[in-house]
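The values are calculated or read from the model by the stated rules, or taken from the named source; none is laboratory data. All values reported here derive from a predicted model rather than from experimental measurement. No Cβ is skipped: glycine too gets one built from the backbone with ideal geometry, and neighbour counts run over all protein chains shown.
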Amino acid sequence: MSEYTGVRGTVWFRAFTGRASPMLGDPNSVLTADAPLGKDHARFLCVVPDPHARFPCARHGEVGLEEAFTLATRIREVIEQDKNTIKRPIVAIVDVKSQAYGRREETAAIFLAAAAAADAYGSARLAGHPIIALVVGHALSGAFLTHGYQANRILAFDDDGVMIHAMHKEAAARVTRRSVDELGKFAKEIAPMSYDIRDYAKLGLLYKLLHVENPEEPSQQEIRSVQAELVGAIADARTSPVDLRNRLESKEAREMRKASILVRTKLEAQWLEN
Amino acid sequence: MEQIEFNYPAKRKVLERAHVGVVGSGDLEILLEPAEGEVAHVFIRTSVDGFRDTWKAVLDRFFTKYDGAVRIQINDAGATPGSVQLRLEQAVEVSER
Amino acid sequence: MSNNGHGASFINRQSFIELDARERATALFDPGTSRELLGPFDRMESPWLPMQGITPQADDGCVVMKGKIAGQAAVVVALEGAFQGGSMGEVSGEKMTAALDLACADNEKGMPTSAVILLETGGVRLQEANLGLAAIAELMASILALRKHAPVICLMAGTVGCFGGMSLAAGLASYIVMTREARLGMNGPEVIEQENGVEEFDSSDRALIWAIHGGEQRYVTGLADELVDDDTPQIADAIRHFVSKGVPALHRSSRAALYRNRIEKLDTSGQWDPKEFRACWATNGSNEEKR
């Protein structure tokens, strides 16, 4: 598992849209563009580092107040525009370091900003827009809940630079009062704790794990291949319910989330009693 | 985590189950249920290893006064013998309401 | 909501904070109408904690109860803050999400059913990491689906507060009810101090913590809908009020334009005095929406 570099988001955003810029009036940390994807015209969204961001705690790839509300705005724009027509896909390209950790952020309710972005993504999904998340790098905690985790389908690269998790290893060790080595040992035996994306894939939350030789410098062929996978994910989402039940119905979930499935079954039975 | 089991003779049929407590730091939860036969079974899961004798002492004392035929499950996160005693008495009180 | 005559003197208060999750949930229902689902005797425990030498709790720290509030069908889901800091694991997360989904299905069958979520939680249970995080994402999806039909009310009483990923769930709520003792924020003071230093947030400064995250600040800045005393009858009354009120015309988390506008106006060159910050945000923003 390698460190966050903050370059992959821009690389893949440019690969799919030919651009790498914010929309007029938006901060430089949020890239938005509409581009062809299969037979659709999709909106692509990506959060990237901006060393000159107004908020000092959101300059290195963190999802902060401005990033979250900009995402919410650009998604709601699509919902509004497509109100009476075909629902365009929305593709979240995800390589985010973490949420922003700052006093200004807490004072100005970053929890609500993050909820606003998730609300926009989730509302778009419920309205029939296929939401696809492509994890090209890091997807941590609150940042991923904000940007990507409300998707119908999640894809990721099977690369050491890709990490989906709730907290960085050192911080997690501190909070759980274990050594980093102990944590590493648990992570090997306990798939949900692992920092390896291949173990994450066992949880049944991913639509697909894709192989790309070097995610920081993909070939044209690889870009077209990943695009085809996005198109496939969109088609798959369009023929499925708009909720997230597919996450519990996957083959892997039936193996690794048996407790979740049992809870759901038993709760329903007891709910209907009496 | 350590798992410890004890059995004690029981005479009295118990009708109601009881649940008390929380598995918080320094606390424990107890699930008490009626059991068949003339035995009281105690199953303990504790995150603090090496105190089997202390558990035995507390339970020996408890069962000198309690003769219900029960299955008692204890989930412990480092409670003191005093807290264990208290929770056992609470569980009995709830089951006999 | 104005004081409705339930303001209790300090001595007469029945502390809600001192109650455990089960007692808190029970207290919110119309008397005699509630029953617990998947209680401790069903033993739906964490499969992951024993593998790490941690004693599981028989209900995995999550209480689900169904019954009536103000005469209407409601489900209450309460996290037990004393167990693993109320953190979200696979089982506790699924209990909460599945309960909301069942409430949603009842709404769709013509049986209006609200949800009340009692949040004492630090967020993801790190011993279950990615299943805890995924559970929160799924919970958020279920809140979005349910709140179209019936209100989803989040109650934070203290002492744990509501932090981490679960603060996003609170952010999606139809209504937020807080005591002064409670706190709500994405990142706690210790985490911020760890990441960005003591200048950014001195986690030993209790006054600062409540000035930023505390119930009163959140209420006065329009981020919580009701501020209640630590008094069980008053809290139950507030919950009844919001169940009866129904779905709001517009959820707070959907007001992206309003809040984006407010963020754009902020001077980020220095830290803000939380009391001065109140002045910017102490309105309902009806004249602030920008297209």
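Here are some notes:
Condition check ((1) out of contact with any helix residue (DSSP H, G or I) (no Cβ under 8 Å at 6 or more places or on another chain); (2) closer than 17 Å to A:Val263 by Cα; (3) assigned to a helix (DSSP H, G or I)) across all residues:
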| position | (1), (2), (3) |
| --- | --- |
| C:Lys68 | yes, no, no |
| C:Val91 | no, yes, yes |
| C:Lys95 | no, yes, yes |
| C:Ser114 | no, no, no |
| C:Leu133 | no, no, yes |
| C:Glu138 | no, yes, yes |
| C:Ser142 | no, yes, yes |
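- Of all residues in the range C:174-198 being within 11 Å of chain A (Cβ to nearest Cβ) and polar (S, T, N, Q), the one that is surrounded by the fewest Cβ atoms within 10 Å (Cβ to Cβ): C:Asn196
Conditions (1) in contact (Cβ under 8 Å) with a residue 24 or more places away in the chain; (2) within 13 Å of chain C (Cβ to nearest Cβ); (3) not β-branched (Val, Ile, Thr), marked per residue:
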site: A:Pro51; (1), (2), (3): no, no, yes
site: A:Glu62; (1), (2), (3): yes, yes, yes
site: A:Ser98; (1), (2), (3): yes, yes, yes
site: A:Ile110; (1), (2), (3): yes, yes, no
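- Filtered residues of the range C:80-89 (kept if farther than 17 Å from C:Ala134 by Cα and either away from chain B (no Cβ under 14 Å) or not in a helix (DSSP H, G or I) (or both)): C:Glu80, C:Gly81, C:Ala82, C:Phe83
- Selection status of C:Leu126, assigned to a helix (DSSP H, G or I), in contact with a helix residue (DSSP H, G or I) (Cβ under 9 Å, 6 or more places away or on another chain) and either more than 14 Å from chain B (Cβ to nearest Cβ) or under 29 Å from C:Ser15 (Cβ atoms) (or both): no
- Counting the residues of the range C:232-266 that are part of a loop (DSSP other than H, G, I, E, B), without any contact (Cβ under 8 Å) to a residue 60 or more places away in the chain and more than 8 Å from chain A (Cβ to nearest Cβ) gives 3.
- Answer from A:Glu3, A:Glu106 - the residue that is among the charged types (D, E, K, R) and either over 18 Å from the mean Cα position of the chain (by Cα) or assigned by TED's automatic domain parsing to the domain that holds A:His138 (or both): A:Glu106
- Residue in the range A:126-138 that is touching a strand residue (DSSP E or B) at 6+ places or on another chain (Cβ under 8 Å) and at the interface with another protein chain (Cβ under 10 Å from one of its Cβ atoms) present: no
- Of the helices (runs of 4 or more DSSP H) lying entirely inside the range C:170-228, the ones with 1 or more residues being of a type in the set (Gly, Ala, Ser) are found at C:206-213, C:215-220.
- Among the residues of the range C:215-231, some residue qualifies, meaning at least one is surrounded by 24 or more Cβ atoms within 10 Å (Cβ to Cβ), in contact (Cβ under 8 Å) with a residue 40 or more places away in the chain, in contact with a helix residue (DSSP H, G or I) (Cβ under 7 Å, 6 or more places away or on another chain) and away from chain A (no Cβ under 12 Å).
- Residue in the range A:2-12 that is at positive phi and at pLDDT below 95 present: yes
- Checking C:Lys148, C:Lys109, C:Lys95 one by one, the residue that is over 30 Å from C:Met51 (Cα atoms) and within 9 Å of chain A (Cβ to nearest Cβ) is C:Lys148 and no other.
- Of the numbered criteria (1) more than 30 Å from A:Gly184 (Cα to Cα); (2) more than 9 Å from chain B (Cβ to nearest Cβ); (3) of a type in the set (A, V, I, L, M), the one C:Ala21 fails is (2).
- Conditions (1) surrounded by fewer than 16 Cβ atoms within 10 Å (Cβ to Cβ); (2) within 15 Å of C:Gly132 (Cβ to Cβ): number failed by A:Leu145: (1)
- Those residues of the range B:25-78 which are outside any helix (DSSP H, G or I), away from every other protein chain (no Cβ under 11 Å) and more than 10 Å from the chain's Cα centre (by Cα), in sequence order: B:Pro34, B:Ala35, B:Glu36, B:Gly37, B:Glu38, B:Val39, B:Gly50, B:Phe51, B:Tyr66, B:Asp67, B:Gly68, B:Ala69
- Residue check, A:Gln227 away from every other protein chain (no Cβ under 14 Å) and at pLDDT 95 or above: yes
- Checking each residue in the range C:28-75 for being in contact (Cβ under 8 Å) with a residue 60 or more places away in the chain, more than 14 Å from chain B (Cβ to nearest Cβ) and either hydrophobic (A, V, I, L, M, F, W, C) or out of contact with any Pro (no Cβ under 9 Å at 6 or more places or on another chain) (or both) picks out C:Leu28, C:Leu37, C:Ile69, C:Ala70, C:Ala74.
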